[in-house]
1. So how tilted is helix 74-90 from the main axis of the chain? Cα-based, degrees 0 to 90, rounded to 10.
2. Calculated from the structure, volume of the Cα convex hull per residue in Å³ equals which of [x] 155; [y] 141; [z] 116?
3. Cα centroid distance between segment 5-31 and segment 100-124, in Å?
4. Using Cα atoms only, what is the angle between the long axis of helix 167-183 and the major principal axis of the chain, expressed in degrees (0 to 90) to the nearest 10?
5. Leaving ligands and nucleic acids out of the surface, order SER182, SER76, SER9 by accessible area at 1.4 Å, largest first.
6. So what is the 222 nm mean residue ellipticity for the chain from helices alone, if each DSSP H run of at least 4 adds -39500 (n - 2.57) and you divide by all residues, rounding to the nearest 500 deg cm²/dmol?
7. Mind running the shape call on segment 147-186? Use the C-alpha gyration tensor, a ≥ b ≥ c as the square roots of the eigenvalues: rounded below 1.5 for a/c, prolate if a/b tops b/c, oblate otherwise.
8. Kindly sort PHE154, PHE44, PHE125 by accessible area of their heavy atoms, largest first, with the probe set to 1.4 Å.
Amino acid sequence: MNEHKPEESLKIENIVASAKVTDSLDLPSLASQLKDAEYNKKRFPGVVLRMQDPKIAALVFGSGKVVLTGAKSIDSLSRGLQILGDQLRALNIDIPENLTYKIQNIVTSADLGTPINLNKIAVGFNLDKIEYEPEQFPGLVYRLDDPKVVVLLFGSGKLIITGGKQPEDARRAVRRILSELSSLGLI
């Protein structure tokens with residue numbers, strides 16, 4: 001393989017996290033007071049707040065729960081939650097100073113740097129861990145147990161890793177796939 005290092009191509013595409021900011025929120029009141037808030041109860045049961053820096057959407061529910069999506073780093077996720085907390089505190093809502101979140105999913109992309117033969121991989125890999133139906137979807141779906149992620153492999157050598165709970169999960173998944181492909185003589 002050339003000097004391309006797939007682990008260096010890892011790029012977080014999206015982080016989804018949840019947080020509980022308070023016990024309950026008055027969504028119509030929130031939507032009317034927050035700039036750029038979207039609230040249409042018929043279409044979605046929460047207030048949607050789109051931040052520009054960092055570029056994150058916060059889905060705020062009446063239960064006081066929040067889902068943050070669109071973050072490209074752990075740092076931007078933390079900043080987004082802090083900004084949301086500050087906006088709610090400015091409306092005199094009792095919000096804890098140190099908000100915490102739980103990561104639900106990290107989607108990461110990577111590039112092996114070389115095309116791969118998905119048919120040979122489908123034959124070589126553990127069959128109960130993969131799905132490959134090229135007529136349905138152009139990628140091979142590979143479910144790993146450790147780390148517990150799903151990897152989509154494409155013939156171009158591009159990968160999408162989803163289901164991770166921490167950035168290191170994607171790195172470990174790429175190392176494991178490289179190791180398995182090498183041991184089968186497929187890269």
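The values are calculated or read from the model by the stated rules, or taken from the named source; none is laboratory data. Everything quoted here is computed from the prediction, not taken from an experiment. As a convention, Cβ positions derive from the backbone with ideal geometry for all residues, glycine included, and neighbour counts pool all protein chains shown. Accessible surface areas use protein heavy atoms only, side chains included; no ligands, DNA or RNA. Shrake-Rupley method; radii C 1.70, N 1.55, O 1.52, S 1.80 Å.
1. Rounded to the nearest ten degrees, it is 10.
2. Here volume of the Cα convex hull per residue in Å³ agrees with entry [y].
3. 22
4. 10
5. SER182, SER9, SER76
6. Computed ellipticity for the chain at 222 nm equals -8000 deg cm²/dmol.
7. oblate
8. PHE44, PHE154, PHE125
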